[in-house]
Structure formats: C-alpha cells, structure tokens
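These notes are about the structure you will find just below.
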Amino acid sequence: GQQVMQIPQYQHVQEGEDFTTYCNSSTTLSNIQWYKQRPGGHPVFLIQLVKSGEVKKQKRLTFQFGEAKKNSSLHITATQTTDVGTYFCAVYNFNKFYFGSGTKLNVKP
Amino acid sequence: DAGVTQSPTHLIKTRGQQVTLRCSPKSGHDTVSWYQQALGQGPQFIFQYYEEEERQRGNFPDRFSGHQFPNYSSELNVNALLLGDSALYLCASRSSGGTLLTDTQYFGPGTRLTVL
C-alpha cells in the first residue's frame, strides 16, 4: 500500500522558534493532506494540497507540495504553545487514507 | 450542526471478549471510515463503508468487522480481543458526492479501548 515517511519523529522548540515537518513518498502522490492532533484529541484536518509546487498559507502555517509531488512540508513560523501536538500528513489513494507516523511538536514557553 | 460522534468514549475489556463501537457521521456525510491508532503512531485504516457495504479494507484480520445502517451510522465489531487491540479507535466521515478537492474527512473523538 501507499507509504509516506514523516520526519522528524519529535521536535522540541522554544516558543518563538520556527518548526518544519516533512513528508516523503517514493511514488508520485495525487494529493496530500495535513492534520493536527492535540494531546488526548483526535486528528483535525488542516489543509489539502493537489497541485505540483503548490504553496498554501494559514496564518503562521505554510504548506508546500513538491514539484514532483513526492514530498510535502509544513512550516510553522514563530511557534506558540498552542501549536503543541502531533502533525500528520496523509494521502488519499484508492479510497483509502494512508497516514504518516507523525511529528510530535513540543513548545517550551 | 453536529460533528462526528462516537460511543463509548472509553472501554475496558479482557482478552477473548468481543466489543462493538459506534459512530454517527457528520450531518450530510454518507461515507464512514474506521481507523485504529496505537499509542504514538498514526491512524491505520481499517475499512470504509458506503451504502451499507464495506468498500475498502486495510490490512486487518477478519476479527474486525463492521456495519453501516440506513441512516449512515456505523458500528465496528472486534471479536476475540487481543492485548494488541488496545488503541484509540477513530471514526471519520465524508461525503461521497465531493470531488477530490473536497474529500476532507472529519474525525470523531474516538473510543479508547483497553484490553487486559
């Protein structure tokens, strides 16, 4: 099945520092979605990317889809304690969603 | 507009028992998927239901079965529980009428299953 590798597994940052998580696939992706899961919560949809080289922004979050549609990144500028959680990428293929293993972000105030 | 709801929130069972988890999709959604999320891992797709039939299935044994009702709600059944079945079970719903661009799925709060 579809596999997406996500790195890093963990990231500890000081509040105000930037954060980036990467999602990589060995095959070309038709789309990629990003989710955030707060501790003790459930995944919440953030965004979907479908076009090669696509860049989308949501306030301090910037999402990119690679030109070859094999990788994606989520970048958070000037992290805040409210950004704490695990960020997952997911791809939708043949009516199934395949999730990455996630990057757990901890922000120290 | 109610989102995805799941019941119960927590459940404790012993090995060999059977369990049924329930999910009501978001209003307007007709497709329900179930996921298993072990601690520290990403959600793993179990299966998807649409029009009361299982449409897609992940790499899970036959001990995992499901059902979808005419009102689009769904159940996940797990038989002969193993210790390794302990996990957060998530239900997600979406609309089959959406295009790829709107294939957003919405997750419920999950059921935390502990098998002793």
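Computed from the coordinates by the stated procedures, all read-outs in this text should not be read as laboratory data. Since the structure is predicted, the reported quantities are computational estimates derived from the model, not experimental observations. No Cβ is skipped: glycine too gets one built from the backbone with ideal geometry, and neighbour counts run over all protein chains shown.
Treating only the Cβ of Lys, Arg, Asp and Glu as charged (+1, +1, -1, -1), what charge dipole size does the protein assembly as shown show about its Cα centre? Round to the nearest 20 debye.
My answer is approximately 380 debye.
Which residues in the range B:1-40 place their backbone N less than 11 Å from a point set 7 Å from the Cα of residue B:114 along the Cα-to-Cβ direction?
What the label zone holds, given the 11 Å backbone N cut-off, is B:10-13.
For residue A:31, list long-range residues whose amide hydrogen, built 1.01 Å from N in the peptide plane, is under 5 Å from its own amide hydrogen.
Counting only residues 5 or more places away or on other chains, the set is A:92.
Counting pairs of alpha carbon atoms under 8 Å apart in space and at least six apart in sequence, what relative contact order in percent does chain A give?
The value is 38 percent.
With unit charges on the beta carbons (Lys and Arg positive, Asp and Glu negative) and the dipole taken about the Cα centre of chain A, which residue among A:78, A:19, A:45 sits farthest to the positive side?
Among A:78, A:19, A:45, the one farthest towards the positive end of the dipole of chain A is A:45.
Give me the one-decimal nm value for the distance between modelled label points at residue B:95 and residue B:62, 7 Å along each residue's Cα-to-Cβ direction.
The two pseudo-label positions are separated by 3.8 nm.
Work out the FRET efficiency for residue A:14 and residue B:41 from their Cβ-Cβ distance, taking R0 = 25 Å, and round it to the nearest 0.05.
0.40
Mind listing the phi-derived Karplus ³J(HN,Hα) values for the range B:15-28, rounded to whole Hz, using 6.51, -1.76 and 1.60 with θ = phi - 60°, and x for any glycine or proline?
The phi angles translate into 3, x, 6, 10, 9, 10, 10, 10, 9, 10, x, 4, 3, x Hz.
Between their Cα atoms, which of A:70/B:26; A:59/A:108; A:51/A:108; A:70/A:108; A:57/A:104; A:36/A:108 are more than 23 Å away from each other?
Check vs 23 Å cut-off fails for A:70/B:26; A:51/A:108; A:70/A:108.
Using a simple charge model, +1 on the beta-carbon of Lys and Arg, -1 on the beta-carbon of Asp and Glu, nothing else, what dipole does chain A show about its Cα centre, in debye to the nearest 20?
In total the dipole reaches around 240 debye.
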